[in-house]
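Starting off with a structure, shown below.
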Amino acid sequence: MNSTEKLVMMANQIAANLALEDDPAAATAGHIRLFWDPRMRALLLQHGQGGLSPIAVAALAQLG
């Protein structure tokens with residue numbers, strides 16, 4: 001598993017854990033913004049939507 005695949009896996013896990021929030025995409029984006037290194041966020045944004053859950057895709061849109 002390469003680093004981008006790990007980031008996708010992590011984003012999906014965060015999205016799954018925050019799925020019951022009022023706005024799960026915003027909660028996921030907020031978590032990524034607060035706790036991920038800017039380089040990690042940039043790699044995920046460069047990767048695009050492939051392999052991401054719908055919540056993670058929506059969060060990605062809020063990050064970009």
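The values are calculated or read from the model by the stated rules, or taken from the named source; none is laboratory data. Nothing here was measured: the structure is a model prediction, and the numbers come from that model. Don't worry about glycine lacking a Cβ; one is built from the backbone with ideal geometry, like all the others, and counts go over all protein chains shown. Each accessible area value is taken on the protein alone, full model and side chains, heavy atoms only, with ligands, DNA and RNA left out. Shrake-Rupley method; radii C 1.70, N 1.55, O 1.52, S 1.80 Å.
Please go through region 28-48 and give me each residue that is farther than 15 Å from Ser3 by Cα and surrounded by fewer than 12 Cβ atoms within 10 Å (Cβ to Cβ), ordered by number.
Passing the criteria: Leu34, Phe35.
Next question. Tell me whether region 12-27 contains one or more residues that are hydrophobic (A, V, I, L, M, F, W, C), assigned to a helix (DSSP H, G or I), closer than 12 Å to Leu63 by Cα and open to solvent by 80 Å² or more (accessible area, probe 1.4 Å). Lay out the reasoning, then the answer.
Within region 12-27, the first condition is being hydrophobic (A, V, I, L, M, F, W, C), and the residues that meet it are 14-16, 18-20, 25-27.
Those still in the list that are assigned to a helix (DSSP H, G or I) too: 14-16, 25-27.
Those left that are additionally closer than 12 Å to Leu63 by Cα: 25-27.
Still in the list and also open to solvent by 80 Å² or more (accessible area, probe 1.4 Å): none.
No, because not a single residue in region 12-27 is hydrophobic (A, V, I, L, M, F, W, C), assigned to a helix (DSSP H, G or I), closer than 12 Å to Leu63 by Cα and open to solvent by 80 Å² or more (accessible area, probe 1.4 Å).
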